[in-house]
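Q: Have a look at the structure that comes next, please.
The values are calculated or read from the model by the stated rules, or taken from the named source; none is laboratory data. Please read these numbers as outputs of a predicted model, since none were measured by experiment. Virtual Cβ from ideal backbone geometry, glycine too; neighbours counted across all protein chains shown. Note: areas computed on protein heavy atoms with side chains; ligands, DNA, RNA excluded. Shrake-Rupley method; radii C 1.70, N 1.55, O 1.52, S 1.80 Å.
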Amino acid sequence: MIPLDFLDYGENNSIDMKVTENVNGNLAVIVRVLLDYLNNDPDFGMDGFLPRDYLMRRPQECRCLVDELYELILSPELRYYINPKYEYLLYTILQWWEDCNDNPSELIPNPINKDLFSLISTNPNYLTNDGTNYVLKEIQNYESYYYFCFCDHDFLPSQLSKMLTMFLRNEELFSMFFPDVNLYDYIDLMPVDLRKQYLGKLQLPQSPKTKLEAINIEKGVITELYKVLRKFQKRVVEFRNRGETEISNDIHDSIEEVLKSKYDLQITREFPMGRAIKTLGETDLYIYGDEDYAIIESKHIENFLDQFKQLLGYLNHYFHFGITISINKKYNLQDAIDKIKENLNNFVDDNFKLVSVKDLEQQYVFKSVHIIPEDKAKHMTVYHFILHLNDYDRERIAKEART
């Protein structure tokens, strides 16, 4: 399902989910009508639903996007991240549906039933300071669908062109204003002229082998993971209720496409390591290409030391680096960082001796460097991320404001 931007999926999660199901049910009806046209009318095409250039280059892929969007909407799981191509397509489908209907009262296929209406209208957390029930107001207004179904509108041509122009002029300025935007996700939506300039600036060659030679893979993977975790933290209330396995699945799904398209790398879940599988177990996430690249271990911060030892057990001399992601629901951010660094500095093992601990340019990310038993001259780098899901103080002050 597509999450609604005005809900936080926290204290009222059960009602929030019912509201979300209602809206996604309406979206499913609308997309289903489009699918029926595409399947049954040979003269009905995709013109106007996606950029002209994209439709010409990959018509079959564009057609498949409609089915994939429909499946996404029908999924019982909330999707914290939606690829810009699906967002663009959904936005244009909403416009098409509005253009097709002369009667504004028929734009929303399934109005809310009495039971849901009662749940929403009697919920004090849905009231604004002037007593307006903002949830009822939003979901009964079709125009609001253009806003609460999307966390932003970066995929629209005008906004995307502005971002691309800024990137081409000043990459550092772009990173400052849009730290969470990965332009590569928008490549099929870009205006043709700007896309050519963008690819030229990246100097992305055509063959995978040349691509691997041209791009600093290690820095690239760390940057992509940093962007993903920052997006997660925008939906802190939703992710606060998720376990280690769910979060590892989310990381896999959100980074898989970009690793493949930009770096020709694969990522897989729970890959068995070593001969003694029962002893070593399975990695949370394993990144590989023509060779082994990295292993990611994701655990609650309370279990950092066990997580770290497990990672060191996997990282043989063929790997380039490792990554720990500490899920923090307990400490404030600085205390979490101090806890991890303290564990690292107090870790004693002659075969994995700590060489150094350094902060990175990305905020709240640092790396430790260790020797490894197979080759004392080779140093293994481990990057340490914190997925900070402790926002109870913000939640408290927000409740006080509503009260």
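Q: When the Cα atoms of the chain are enclosed in a convex hull and the volume is divided per residue, what value in Å³ results?
A: 177 Å³
Q: Per the Kirkwood definition applied to all pairs of different Cα atoms, how many angstroms is the hydrodynamic radius of region 19-148?
A: Result for region 19-148 stands at 16.3 Å.
Q: In Å², what does the accessible area per residue of the chain work out to with a 1.4 Å probe?
A: Dividing the accessible area of the chain by its residue count gives 51 Å².
Q: Any idea which of F347, V237, I2 is furthest toward the positive side of the dipole for the chain, if Lys and Arg beta-carbons carry +1 and Asp and Glu beta-carbons -1?
A: F347
Q: Also: Taking K137 as the anchor, which lysines have their alpha carbon closer than 17 Å to its alpha carbon, excluding any fewer than eight residues away along the same chain?
A: Candidates past the 8-residue exclusion: K18, K114.
Q: Turning to a different aspect of this structure: Once Rh for region 23-90 is found with the Kirkwood sum over Cα pairs, what is the Stokes-Einstein diffusion coefficient at 25 °C and 0.890 mPa s, in µm²/s?
A: In µm²/s, the coefficient is 194.
Q: For the chain, what % of the accessible area comes from carbon and sulfur atoms, probe 1.4 Å?
A: Percent of accessible area from carbon and sulfur atoms in the chain: 48.
Q: Now, a different point. Which one, N83, N346, N316, has the greatest fluctuation when you compute a Gaussian network model over the chain with C-alpha springs under 10 angstrom?
A: N346
Q: Under 14 Å from the Cα of K358, which aspartates and glutamates turn up, not counting those fewer than eight places away in the same chain?
A: D338, E342
Q: Give the percent of DSSP beta bridges with both residues in the chain that are antiparallel, rounded to the nearest 5.
A: 60 percent
Q: Using +1 on the beta carbon of Lys and Arg, -1 on that of Asp and Glu, and nothing else charged, what's the dipole of the chain about the Cα centre, debye to 20?
A: 1060 debye
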